[in-house]
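Asker: Here it is, the structure in full.
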Amino acid sequence: MENITFRVLDIVRGTTVDGPGFRTAIYFAGCHHKCPGCHNPQSWDFEAGTEMTLEEIMQVVEEEDFDVTLSGGDPLYHAEDIAHLARAIKETGHTVWLYTGFTYEEILDSPLLSAPLPYLEAIVEGPYIEALRDPDLLFRGSSNQRIIRL
């Protein structure tokens with residue numbers, strides 16, 4: 001495995017709120033979007049959480065044997081490393097969803113931010129906008145956010 005480390009806030013095993021079906025959700029530290037009303041403001045700190053290697057994360061993914069969601073914080077602040085992780089997950093036969101505050105257009109305009117795209121099934125994109133909060137939306141917090149199937 002690659003010699004890559006991540007700052008991981010939490011790994012939630014068997015969740016059903018971060019994408020379709022039972023999933024392993026991995027929450028990464030660090031976010032500069034700092035959306036007002038964010039449900040996870042403790043994730044903004046890039047030094048929060050615990051350091052984990054790609055291999056350690058993959059052990060959890062393989063133990064749980066669920067599809068995976070990458071969230072945070074914002075995983076795309078670590079896009080190159082996330083691409084390696086997403087590729088490794090995809091190679092196990094699992095799908096990968098990714099939550100980001102960047103818009104799909106911003107991602108496509110950036111070779112760095114778009115590095116994980118080939119390994120993702122879907123992106124839930126766009127900043128959380130508190131005034132557009134809608135608790136009835138599936139897998140999103142505000143109506144401006146889109147689920148982009150790749």
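The values are calculated or read from the model by the stated rules, or taken from the named source; none is laboratory data. Just so it is clear, the structure is predicted and the values come from calculations on it, not from any experiment. Note that we place each Cβ from the backbone using ideal geometry, even for glycine, and neighbour counts take in every protein chain shown. These area figures cover heavy atoms from the full protein model, side chains too; ligands, DNA and RNA do not enter into them. Shrake-Rupley method; radii C 1.70, N 1.55, O 1.52, S 1.80 Å.
Asker: Two decimals is fine: what's Rg over Rh for the range 88-130, C-alpha atoms, Kirkwood radius as Rh? Intermediate results must be reported in sequence, preceding the final value.
Answerer: Numbers: Rg = 11.4 Å, Rh = 11.1 Å.
Rounded to two decimals, Rg over Rh is 1.02.
Asker: Carbon-plus-sulfur fraction of the accessible area of the range 70-150, 1.4 Å probe, in percent? Present the calculation step by step, with values, prior to reporting the outcome.
Answerer: Values: 1980 of 3780 Å².
Heavy-atom surface of the range 70-150 belonging to carbon and sulfur, 1.4 Å probe: 52 percent.
Asker: Mind checking the per residue accessible area of the range 76-133 for me, 1.4 Å probe, whole number of Å²?
Answerer: 45
Asker: Please give me, ordered by residue number, the trypsin sites (Lys or Arg not before Pro) of the range 1-91 that lie in loop per DSSP and have at most 15 other Cβ atoms within 10 Å.
Answerer: Within the range 1-91, the qualifying trypsin sites (Lys or Arg not before Pro) (loop, at most 15 other Cβ atoms within 10 Å) are LYS34.
Asker: While we're here: Pop a pseudo-label 7 angstrom from the Cα along the beta-carbon direction at both ARG149 and ASN40 and give the gap in nm to one decimal.
Answerer: With each label point 7 Å from Cα toward Cβ, the separation is 2.4 nm.
Asker: Then there's this: Could you give the distance between the Cα centres of the range 36-111 and the range 130-150, to the whole Å?
Answerer: Comparing the Cα centres of the range 36-111 and the range 130-150, I get a distance of 19 Å.
Asker: In addition: So what is Rg over Rh here for the chain, counting just Cα atoms and using Kirkwood for Rh?
Answerer: 0.93
Asker: Then there's this: Helix-only mean residue ellipticity at 222 nm, the chain, DSSP H runs n ≥ 4 weighted -39,500 (n - 2.57), per residue, nearest 500. What is it?
Answerer: Computed mean residue ellipticity for the chain: -5500 deg cm²/dmol.
Asker: Can you pull the one-decimal nm distance between simple spin-label points at ILE129 and GLU56, each 7 Å off the Cα toward Cβ?
Answerer: 3.9
Asker: Given the Cα-Cα distance of ARG87 and LEU137 and 0.36 nm per residue of separation, how much length would full extension add, in nm?
Answerer: Length gained, ARG87 through LEU137: 15.1 nm.
Asker: Pick from GLY37, GLY73, GLY126: which is most flexible by mean-square fluctuation in a GNM of the chain where alpha carbon atoms under 10 Å apart are linked?
Answerer: Result for the chain, Cα springs under 10 Å: GLY37 fluctuates most.
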